[in-house]
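Notes follow the structure.
The values are calculated or read from the model by the stated rules, or taken from the named source; none is laboratory data. Given the structure is predicted, the values throughout are model-derived calculations rather than measurements. Here the Cβ positions follow ideal geometry from the backbone for every residue, glycine too, while neighbour counts run over all protein chains shown. All accessible areas refer to the heavy atoms of the entire protein, side chains included, with ligands and DNA or RNA removed. Shrake-Rupley method; radii C 1.70, N 1.55, O 1.52, S 1.80 Å.
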Amino acid sequence: MEEEEEEAAAGGGAGPGCGCKGIRSCLLCEGPAQAAPPTQGEDNFTYCPATGLAEGSEHSPFAGWAFPFPGVFLAEEFVSEDEEVEMVELMDRDEWKPSQSGRKKQDYGPKVNFKKQRLKAGGFTGLPSFSKKIVAQMEACSVLGGFLPVEQCNLDYRPERGSAIDPHFDDWWLWGERLVSLNLLSKTVLSMSCDSEDSIQLFPTFSNENGELNPPGSLTQTSACENSGKQGSSCLLSPRFVPSKEVTVAIHLPRRSLVVLYDEARYKWKHAIHRRHIEHRRVCVTFRELSAEFSAGGRHEELGKELLEIALSFQGTPV
């Protein structure tokens with residue numbers, strides 16, 4: 001899900017211990033002569049895992065409005081505290097290589113040139129041994145049936161480096177529909193944005209007697225009027241339309257949670273981690289599966305089989 005930004009062709013330079021290229025920057029390479037990245041506005045909607053809705057944030061112009069936000073699965077406490085400590089200790093035994101925008105990374109996967117659509121196994125020796133148990137646990141998740149990870153990317157975020165990742169789509173020539181990330185060491189926010197020229201239909205939300213939000217369109221006119229204490233058709237608000245570009249959705253990721261992006265959340269919405277949402281050290285472990293082109297019946301099926309065999313040996317070291 002992360003470490004898939006497209007590099008800009010020109011721009012600033014890297015600072016000491018910095019992996020920034022093009023227009024990317026971090027606190028290690030930003031100086032008085034170089035303007036810091038523009039401040040990102042607050043997300044104006046928040047994703048609710050219980051309802052699957054993006055709900056207007058309390059202090060935004062969209063408070064009291066919501067829309068369905070499909071393609072997100074969130075599992076809290078996916079690993080235990082002891083498992084988290086063990087995983088990070090094992091990662092820290094290997095080198096963390098400087099990456100863009102203040103991140104550091106460890107890659108377990110084939111050598112890929114996404115622009116030229118070329119790949120080879122290279123020095124890929126498989127996913128790390130500590131991931132075998134995590135991958136097995138994924139089988140219990142309803143949206144991860146048949147998920148076979150062929151690549152793992154560990155990312156290290158630190159507030160003192162100004163770590164972040166800009167809004168982006170993950171590649172879909174090589175990587176399949178489901179993007180899986182395990183969020184370790186601290187909470188953060190995955191910010192979703194959309195460049196589409198279309199509009200999103202918002203619906204008014206009403207709380208039921210238990211204080212829970214009813215899904216959009218679930219209330220009849222009568223029940224809505226009873227809720228508002230008004231009579232007549234004027235008490236029911238009409239749907240509202242807002243340009244997609246004006247909408248940003250915050251997906252809150254608790255510590256040790258697992259998030260899966262698929263469907264519209266994968267292909268329609270870009271995802272990002274903003275600098276302001278890195279308050280402490282954060283380690284993200286992202287797993288990716290193969291696209292149809294590299295799976296059974298695909299044009300590169302044999303290469304896909306070879307890469308999966310390597311990946312699922314779980315004998316890998318960072319490439």
Ranking by accessible area, most exposed first, for Y108, Y47, Y262 with a 1.4 Å probe: Y262, Y47, Y108
Stretch K111-Q201 to full length: gain in nm at 0.36 nm per residue minus the Cα-Cα span? 28.2 nm
Net charge (Lys, Arg +1; Asp, Glu -1) of residues whose beta-carbon lies under 13 Å from that of R255, R255 excluded, is -2
Set the Förster distance to 41 Å, then compute FRET efficiency between V85 and S60 from the Cβ-Cβ distance, nearest 0.05. 0.65
Over 18 Å between Cα atoms: which of K245/K268; K133/K187; K21/K105; K21/K104 fall into that group? K133/K187
Report the GluC sites (Glu not before Pro) located in the range 134-200 that are in a DSSP loop and have at most 13 other Cβ atoms inside 10 Å of their Cβ, or state none. E139, E197
In square angstrom, what is the accessible area per residue of the range 27-313 with a 1.4 angstrom probe? 49 Å²
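Provide R299, R256, R158 ordered by accessible surface of protein heavy atoms (probe 1.4 Å), highest first. Write out the running numbers ahead of the final one.
Details: R299 180, R256 25, R158 70 Å².
Descending order: R299, R158, R256.
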Distance between modelled label sites at K268 and W96, nm, 7 Å Cα→Cβ extension: 3.6 nm
Given +1 on the Cβ of Lys and Arg, -1 on the Cβ of Asp and Glu, and no further charges, what dipole in debye does the range 27-313 carry about its Cα centre, rounded to the nearest 20? 800 debye
Would you mind calculating the gained length between L148 and K120 on full extension (0.36 nm times residue separation, minus the Cα-Cα distance), in nm to one decimal? 8.2 nm
